[in-house]
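**Q** First the structure, then my questions, so here it is.
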Amino acid sequence: MDKKLITQRLILKSISEEDREFIFSEFSDAVISKYLYDEEPLTDIKQADEIIHTYTNPQHEGLYRWILVRKTDNRKMGTCGFHCFNKGEGTIEIGYDLQAEFCGHGYMQEALKEIIAYGIEIMPLKQIHAHIYVGNEKSIALSERLGFINSKKVYNYTLRDKDYLHLIYSLDCSSLKSMQ
Ligand SMILES: CC(C)(COP(=O)(O)OP(=O)(O)OC[C@H]1O[C@@H](n2cnc3c(N)ncnc32)[C@H](O)[C@@H]1OP(=O)(O)O)[C@@H](O)C(=O)NCCC(=O)NCCS
């Protein structure tokens, strides 16, 4: 799905083949990957191509990934998007990652507000979930600033034979719709 979104400081461009080097650098980065326990860090640029093909396949409903591009200098800073859409239950998961040099400026908060508004406009969403590793304080703080609430449900990701406990934070979309 190709949909450009614009915020005060950012262009959110849909992921495309021209982003392969960026996607590789993003998901092979040790700092970014520190709390990402659903996949191993990338080691081959062909894996970046696979990610891009997954998100650009028009048959994959409810899969979106945008690149955060800073308006002032066109720098690509990170990505955000949706996956695991459950149409019947009206749920989807949100994911996000920002390179360390761009953290601490509110860029991701700005991006997520925009994609959440877009997501609830185009999909029949009741709840948006964020699966967050218990030790990922920055991500917990970000989700809480956006109105996500700790559902008290947990989920374990297993990587390299080790379990990593994740909290499931949830955003109630009906409350957002009534504010629109
Ligand atoms: C999670 C992650 C995106 C958070 O990045 P972030 O920059 O802290 O997120 P925000 O956009 O909410 O920015 C908030 C920070 O910017 C500051 N800020 C500065 N200017 C701001 C502005 N204009 N508006 C809002 N916040 C601003 C806030 O005070 C806050 O700083 P603090 O953390 O020192 O309190 C980042 O840590 C990351 O990518 N981590 C690696 C990948 C990852 O863990 N992804 C999530 C998996 S669940």
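The values are calculated or read from the model by the stated rules, or taken from the named source; none is laboratory data. None of the values given here were measured: they were computed from a predicted structure. All Cβ positions, glycine included, derive from the backbone under ideal geometry; neighbour counts span all protein chains shown. Protein only, heavy atoms only, side chains kept; ligands, DNA and RNA dropped before computing areas. Shrake-Rupley method; radii C 1.70, N 1.55, O 1.52, S 1.80 Å.
**Q** Among the candidates ASP49, ASP38, ASP2, ASP29, single out the residue that is charged (D, E, K, R), touching a Lys or Arg at 6+ places or on another chain (Cβ under 8 Å) and touching a residue at least 12 places away in the same chain (Cβ under 8 Å).
**A** Unique residue meeting the criteria: ASP49.
**Q** Considering the stretch 115-141 alone, what residues qualify as being charged (D, E, K, R), away from the ligand (no atom under 12 Å from the Cβ) and in a helix (DSSP H, G or I)?
**A** GLU121
**Q** Can you confirm whether TYR96 is open to solvent by 10 Å² or more (accessible area, probe 1.4 Å), closer than 22 Å to HIS166 by Cα and within 13 Å of the ligand (Cβ to nearest atom)?
**A** yes
**Q** Another question about this same structure. Of the residues that sit in the stretch 1-45 and are hydroxyl-bearing (Ser, Thr, Tyr) and under 18 Å from VAL69 (Cβ atoms), which one is farthest from the ligand (Cβ to nearest atom)?
**A** Selected residue: SER16.
**Q** So, in the stretch 160-180, of the ones that are away from the ligand (no atom under 14 Å from the Cβ) and over 27 Å from GLU61 (Cα atoms), which residue ends up modelled with the lowest pLDDT?
**A** Among residues in the stretch 160-180 that are away from the ligand (no atom under 14 Å from the Cβ) and over 27 Å from GLU61 (Cα atoms), the one modelled with the lowest pLDDT is ARG160.
**Q** In addition: Looking only at the stretch 103-126, count how many residues are touching a residue at least 40 places away in the same chain (Cβ under 8 Å) and farther than 21 Å from ASP38 by Cα.
**A** Selection size over the stretch 103-126: 14.
**Q** Within the stretch 140-161, can you find the residues that are at positive phi and open to solvent by 80 Å² or more (accessible area, probe 1.4 Å)?
**A** Passing the criteria: LYS152, ARG160, ASP161.
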